[in-house]
Amino acid sequence: MRRAAPLNVIFGLLVLLAVLCAISLIAGRVWIPLDRLGAPGDPQWAIITELRIPRTLLALAIGAALGLSGAVLQGYTRNPLADPGVLGVSSMGSLGAVLTLYFNLTAPGETAAFAIAGSAVGVLVLLGLTGSAGGATTFLLAGVVLNVIAEAGVSLALMLSPDPWAASEIVTWLLGSLSDRSFTDVWTATPFIVAGGAALLMVGRDLDALTLGETGARSLGVSLGRTQALIAAGVGLACGASVAVSGVIGFVGLIVPHLMRGLVGGRPSSLLVPSALAGAALLLAADILVRLIPAASEVRLGVAMAVLGGPFFLWRLIAIRRRFA
Amino acid sequence: MRTEGALGLEAHGLTVRLGGRAVVDRVDLAFAPGAVTAVLGPNGAGKSTLLSCLAGLRRPQAGEARLGGRSLAVVPGKERAHLLGYLPQSPEIAWSVDVRTFAGLGRTVRVGAFGPSDVDRAAVARALAVTQLTDLADRDVTTLSGGERARAHIARVLAGEPRWMIADEPLTGLDPSHQLDAADLMRGFAQAGGGVVVTLHDLAFAARFADRVVVLAEGRVLADGTPAEALAPDILARAYAIDARWTSGAAGPLLEVVARR
Ligand SMILES: Nc1ncnc2c1ncn2[C@@H]1O[C@H](COP(=O)(O)OP(=O)(O)OP(=O)(O)O)[C@@H](O)[C@H]1O
Ligand SMILES: [Mg+2]
């Protein structure tokens, strides 16, 4: 059975998001006082409309995509260590995107299409491998393999790149960032993220049934083929479009469902909406933080998330090891 | 529900080959609702394999399982889930959810798009009450004891209000009193018109509570009949290689295992 995800958690997250959005519009290298917000024509107004609004919208959309994808992948694999980064979905997406940089296909739609295709191939490989037998171990190992393959592909593109400009662009892009994004990026990514998110929100009940394992879920009338198709399409679209715009930003999908599980319980369907909202909040908060750190050049968002997420991942691994010891 | 009235469950020449060997070998059986059938047999006899075919969860290599005269291969998953409740031998529970939510999973195909209705909640509450889990309804199901968890699985199947209950060793881990309770539940389910196919290893217990006993050995049906017929000493000798005799006890027949052959 699915009941509405605990509404007070959702409400709290919405309030948090509203506050973060306001901060995101005024905070940065240039602080814009609140009373200037309603003064079009001011040069500071341009900073808000041209830079900060798209950046905020992208952080929200990408954070939500990553948080939701993480919650769905964890529910499907029944493994709290699954997420688009760990399972290689993001790096397959980045391989797709790097190929467009390598071949100098610069239209924003092309990068998105290649990144989505790469991510979708990644999810399909994962689901194909676990469809028959598999289990969590196969899934995670497949993720390791996908990561290795994608990284090798990216390195090859870097080494073989005839154009040093393209190479340096690839490197910068790989680090993951939301700075200097425009409304074009918003319009490129958001429709895919929304479509993918909608597909992912449809699998809640199937994920609940998977609490009983694959046989259990089938005995409850769940068609796992449909579940897999929705997940492949949903994660492929949402993560692929995210990667296309921001580069690889890891750990959001790993941390967020874990935190939400503490608040709303383990039932996979109740985790979906809170994970999307909390993912948006986490990424937006991290992006604000990155803007405020005084440094010669801005610290990359992907790097910042890795600095936060790496130790968290380690701590989870140790906790799980203890439980089995 | 599309099919009303008597809804028989049948195996026709059912054959499952695993690892190059027929684990279930040309099994013909017909089960009618209103009775409890115990499927017995030594470890590895093919009981679980047979039950998963009857539950429509495994495709046999030859023959078929039929529900209401239709091959289970063509019954859509949702309809099958309405009619058949299945309890696997070693069920998995992946996430910590409360017992009430867990039992509610049994109603996955019944719950409407907008979440559980009062009817759904009432069915879950009834299932928890008859399995004596009402007091534990808010506990995390993964923290239950083995026997409590076994009851939670029974509650999950009952909450789905199926027409058939296909239960693979549901009594394992239950204390004697809860074994009797679970047996009463299955008898009550059958008396209310449902069908029960259940495996267990306690021969004397099976003799007391089943209407019919099927003995399986090496994938073949060795005996099929009333408990007295199907558990006769010569059959036990062939199935389990034991010398055993039945004596009458105060509450029913008792099985005395005399020796290993
Ligand atoms: N994937 C497989 N590959 C090869 N053999 C298998 C496979 N799965 C099951 N078997 C074999 O099939 C036989 C029947 O298994 P099944 O689980 O149906 O037995 P069972 O009667 O339920 O036994 P138990 O009383 O121990 O539960 C066993 O000998 C088992 O080893
Ligand atoms: Mg078995």
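The values are calculated or read from the model by the stated rules, or taken from the named source; none is laboratory data. Keep in mind that what you see is a predicted model, and the values were worked out from it rather than measured. Using ideal geometry, Cβ is built from the backbone for each residue, glycine included, and neighbour counts are taken over all protein chains shown. Accessible surface is based on the protein model in full, side chains and every heavy atom, while ligands, DNA and RNA are left aside. Shrake-Rupley method; radii C 1.70, N 1.55, O 1.52, S 1.80 Å.
Show the residue pairs meeting these rules: Cβ distance below 7 Å; 6+ apart or different chains; first residue within the stretch B:223-247 and closer than 19 Å to residue B:209 by Cβ and in contact (Cβ under 8 Å) with a residue 12 or more places away in the chain; second residue of a type in the set (A, V, I, L, M, F, W, C) and loosely packed, with under 14 Cβ neighbours inside 10 Å.
Correct list of pairs: B:244/B:257; B:244/B:258.
Residue by residue through the stretch B:182-212, note down the ones that are within 16 Å of ligand 2 (Cβ to nearest atom) and either charged (D, E, K, R) or open to solvent by less than 20 Å² (accessible area, probe 1.4 Å) (or both).
Of everything in the stretch B:182-212, those that are within 16 Å of ligand 2 (Cβ to nearest atom) and either charged (D, E, K, R) or open to solvent by less than 20 Å² (accessible area, probe 1.4 Å) (or both) turn out to be B:197, B:198, B:199, B:200, B:202, B:203, B:206.
Tally the residues that are more than 7 Å from chain A (Cβ to nearest Cβ) and buried (at least 17 other Cβ atoms within 10 Å of the Cβ), restricting the search to the stretch B:107-118.
So the count comes out to 1.
Of all residues in the stretch B:1-29, how many are closer than 21 Å to residue B:76 by Cα, in contact (Cβ under 8 Å) with a residue 12 or more places away in the chain and open to solvent by 60 Å² or more (accessible area, probe 1.4 Å)?
So the answer is 4.
Only residues that are crowded, with 21+ Cβ neighbours inside 10 Å, away from chain A (no Cβ under 12 Å) and among the small types (Gly, Ala, Ser): list them for the stretch B:128-177, please.
Once the filter is applied, which keeps residues that are crowded, with 21+ Cβ neighbours inside 10 Å, away from chain A (no Cβ under 12 Å) and among the small types (Gly, Ala, Ser), the stretch B:128-177 yields B:150, B:155.
Testing residue A:114 on (1) over 16 Å from the mean Cα position of the chain (by Cα); (2) open to solvent by 30 Å² or more (accessible area, probe 1.4 Å); (3) farther than 20 Å from residue A:190 by Cα, one condition comes back false. Which one is that?
Unmet for residue A:114, out of (1) over 16 Å from the mean Cα position of the chain (by Cα); (2) open to solvent by 30 Å² or more (accessible area, probe 1.4 Å); (3) farther than 20 Å from residue A:190 by Cα: (3).
Does residue B:97 meet the test of being open to solvent by less than 20 Å² (accessible area, probe 1.4 Å), touching a strand residue (DSSP E or B) at 6+ places or on another chain (Cβ under 8 Å) and under 17 Å from residue A:270 (Cβ atoms)?
Yes, satisfied.
Results for (1) assigned to a helix (DSSP H, G or I); (2) among the aliphatic types (A, V, I, L, M), shown as yes or no for each residue.
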| residue | (1), (2) |
| --- | --- |
| A:51 | yes, yes |
| A:55 | yes, no |
| A:73 | yes, yes |
| A:84 | no, no |
| A:91 | yes, no |
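Just need a number here: residues in the stretch B:37-80 that are within 13 Å of ligand 2 (Cβ to nearest atom), on the phi > 0 side of the Ramachandran plot and surrounded by fewer than 17 Cβ atoms within 10 Å (Cβ to Cβ).
1
Based on this model, can you work out whether residue A:153 counts as touching a residue at least 12 places away in the same chain (Cβ under 8 Å), open to solvent by 10 Å² or more (accessible area, probe 1.4 Å) and not in a loop (DSSP other than H, G, I, E, B)?
Yes: the conditions hold for residue A:153.
Please work out if residue A:100 is in contact with an Asp or Glu (Cβ under 6 Å, 6 or more places away or on another chain), modelled with pLDDT under 90, more than 14 Å from chain B (Cβ to nearest Cβ) and at negative phi.
So residue A:100 passes the test.
Looking for something open to solvent by less than 10 Å² (accessible area, probe 1.4 Å) and within 14 Å of chain B (Cβ to nearest Cβ) - is there at least one such residue anywhere in the stretch A:195-204?
Yes, the conditions are met somewhere in the stretch A:195-204.
Within 13 Å of ligand 2 (Cβ to nearest atom), open to solvent by 10 Å² or more (accessible area, probe 1.4 Å) and hydroxyl-bearing (Ser, Thr, Tyr), is that true of residue B:90?
For residue B:90, the condition - within 13 Å of ligand 2 (Cβ to nearest atom), open to solvent by 10 Å² or more (accessible area, probe 1.4 Å) and hydroxyl-bearing (Ser, Thr, Tyr) - is met.
Filter the stretch B:168-223 down to residues that are part of a strand (DSSP E or B) and either more than 16 Å from ligand 1 (Cβ to nearest atom) or among the β-branched types (Val, Ile, Thr) (or both), then give me how many there are.
Counting residues in the stretch B:168-223 that are part of a strand (DSSP E or B) and either more than 16 Å from ligand 1 (Cβ to nearest atom) or among the β-branched types (Val, Ile, Thr) (or both) gives 10.
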